[in-house]
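The values are calculated or read from the model by the stated rules, or taken from the named source; none is laboratory data. All values reported here derive from a predicted model rather than from experimental measurement. Using ideal geometry, Cβ is built from the backbone for each residue, glycine included, and neighbour counts are taken over all protein chains shown.
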Amino acid sequence: MPTYEYECQACHQRVEAVQHFADPALTTCEACGGDLKKVFSAVGIVFKGAGFYKNDSRGAATSTSSSAD
């Protein structure tokens, strides 16, 4: 199950909640009763380098063009 982070718009307190995808989003801050909004963060994993794409494992393409002189 994913962990979601919410921030209160009134008191700026952050709350983490472990929820199913189908669960409704939290809307009310338990501390002050303000509105909660989801906080979106940067992705935790980044793929760099060769080997992560379908065409990385293919051999070098051969050229079939002919030059006329």
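Some notes on this structure:
- Yes/no for F40 being at pLDDT below 95 and touching a strand residue (DSSP E or B) at 6+ places or on another chain (Cβ under 9 Å): yes
- A search for C-beta distances below 9 Å between a residue of region 8-20 that is farther than 14 Å from V39 by Cα and any residue that is in a strand (DSSP E or B) and of a type in the set (D, E), counting only pairs 6+ apart in sequence or on different chains, returns A10/D35.
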